[in-house]
């Protein structure tokens, strides 16, 4: 099973990301200035045997009712929640919402103040779990997460791993 996952380098967690998730992200790189920001939610679980081990197993992709432009997005389609609910049900409650992802038209993506504000509200709505937030750039994918003692942290998946 581990061979189907990428282990994200981080001092705080062992975060395993499905290769399928990474491949989906690469399809949504904003390579053209007219490309719209892509967005979705992350679905996965926390290991029952290791509380510092997380698995991102699935995600949602942009849906028809989402609001998207070249530099903004809003998750509006109820299909995102339906997919999370379905994963939760099929896994007997182990697969849950683990955060959000979106794209930026930057080589190395940097969160905006809007991103940080949105992420903080996601964390406040989900105080029972660690959340992760991915930004897909042209040359790298960055994963952001908040730790109460250290504040915001990030880890990066470089382009050579996600072609």
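Rule-based calculations on the coordinates, nothing more; no lab input. Bear in mind the structure is a predicted one, so any value in this text is a computation, not a measurement. We place every Cβ from the backbone using ideal geometry, glycine too, and count neighbours over all the protein chains shown.
Some notes on this structure:
- Per this entry, residue 36 is not counted among residues that are touching a strand residue (DSSP E or B) at 6+ places or on another chain (Cβ under 6 Å) and closer than 14 Å to residue 98 by Cβ.
- Pairs meeting the criteria (first residue in segment 60-79 and over 15 Å from residue 28 (Cβ atoms), second residue surrounded by 16 or more Cβ atoms within 10 Å (Cβ to Cβ), beta carbons under 6 Å, at least 6 apart or on different chains) are 65/77; 76/66; 77/63; 77/66; 79/63.
- Single residue of segment 28-53 satisfying the filter (in a strand (DSSP E or B) and touching a residue at least 60 places away in the same chain (Cβ under 8 Å)) that is surrounded by the fewest Cβ atoms within 10 Å (Cβ to Cβ): 46
- When segment 84-122 is filtered for residues that are farther than 26 Å from residue 31 by Cβ and in contact (Cβ under 8 Å) with a residue 40 or more places away in the chain, the ones remaining, listed by number, are 84, 87, 91, 94, 95, 96, 97, 98.
- Of all residues in segment 54-84, those that are loosely packed, with under 12 Cβ neighbours inside 10 Å and under 24 Å from residue 4 (Cβ atoms) total 0.
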